[in-house]
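Here's the structure we're looking at; comments come further down.
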Amino acid sequence: MQQLNDFEKYVLLEKGTEPPFSGEYNDFFEDGIYVCKLCATPLFTSQAKFKGHCGWPSFDSAITDKVKEVPDSDGIRTEIICATCNGHLGHVFKGEGFTPKNVRHCVNSVALKFIPNNA
């Protein structure tokens, strides 16, 4: 497990949310893989990332079996968590039509670490 600062703990462990358009990966489009900041499990590829215009990084698919969907405590949304450590990542929305996959994983940048393909 990685050492987290207070804000990272708030998001990953207490199910917090970073302010929209504030995260380092919101408008970031390099080739590589996004891993869980807490446990380093690979979660998303750069090929799945798209401009969701929502203020948080958007992905239309997760790496198979690495992200779990659970009912959110608000009873409306669907939370997404790391399948390995249960760290809070964000929420998933379906049926919006942004991509052919019709799915948007809306993820807090602070919950992720980017690993470039050439690393």
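Select from the range 1-37 the residues that are of a type in the set (S, T, N, Q) and more than 21 Å from CYS54 (Cα to Cα) and list them in ascending order.
So the first thing to find is which residues in the range 1-37 are of a type in the set (S, T, N, Q), and the list is 2-3, 5, 17, 22, 26.
Within the range 1-37, GLN2, GLN3, ASN5 meet the criteria.
So, GLU30, is that one among the acidic types (Asp, Glu), modelled with pLDDT of 95 or more, out of contact with any Phe, Trp or Tyr (no Cβ under 6 Å at 6 or more places or on another chain) and part of a loop (DSSP other than H, G, I, E, B) or not? Judged against the criteria, GLU30 is a match.
Figure legend. Inter-residue proximity from the range 8-37: first residues more than 24 Å from ASP65 (Cα to Cα), second residues among the charged types (D, E, K, R) and part of a strand (DSSP E or B), beta-carbon distance below 9 Å, spacing 6+ or different chains. Indicated pairs: PHE28/LYS49. Condition (residue is closer than 20 Å to PHE7 by Cβ and in contact with a Ser or Thr (Cβ under 9 Å, 6 or more places away or on another chain)) applied to the range 65-78: is it met by at least one residue? No, the range 65-78 contains no residue that is closer than 20 Å to PHE7 by Cβ and in contact with a Ser or Thr (Cβ under 9 Å, 6 or more places away or on another chain). Selection of the range 33-49 for residues being closer than 15 Å to ILE80 by Cβ and outside any loop (DSSP other than H, G, I, E, B) yields TYR34, VAL35, CYS36, PRO42, LEU43, PHE44, ALA48, LYS49. If you go through the range 50-89 and keep only what is free of Cβ contacts under 8 Å to residues at least 40 places away in the same chain, part of a strand (DSSP E or B) and open to solvent by less than 20 Å² (accessible area, probe 1.4 Å), you end up with ILE80, ILE81.
Scanning the range 1-49 for residues that are more than 16 Å from GLY90 (Cα to Cα), open to solvent by 50 Å² or more (accessible area, probe 1.4 Å) and small (Gly, Ala, Ser) yields a count of 1.
Scan the range 1-29 for residues that are among the aromatic types (Phe, Trp, Tyr) and on the phi < 0 side of the Ramachandran plot and jot them down. Reasoning before the result, please.
Of the residues in the range 1-29, the ones among the aromatic types (Phe, Trp, Tyr) are 7, 10, 21, 25, 28-29.
Within the range 1-29, PHE7, TYR10, TYR25, PHE28, PHE29 qualify.
There is at least one residue in the range 90-113 that is closer than 23 Å to GLY16 by Cα, outside any loop (DSSP other than H, G, I, E, B), open to solvent by 30 Å² or more (accessible area, probe 1.4 Å) and touching a residue at least 60 places away in the same chain (Cβ under 8 Å).
The values are calculated or read from the model by the stated rules, or taken from the named source; none is laboratory data. Keep in mind it's a predicted model, so treat the numbers as computed, not measured. Heads up, the Cβs are rebuilt from the backbone with ideal geometry, glycines too, and the neighbour counts pull from every protein chain shown. Surface accessibility is based on the protein's heavy atoms, side chains included, excluding ligands, DNA and RNA. Shrake-Rupley method; radii C 1.70, N 1.55, O 1.52, S 1.80 Å.
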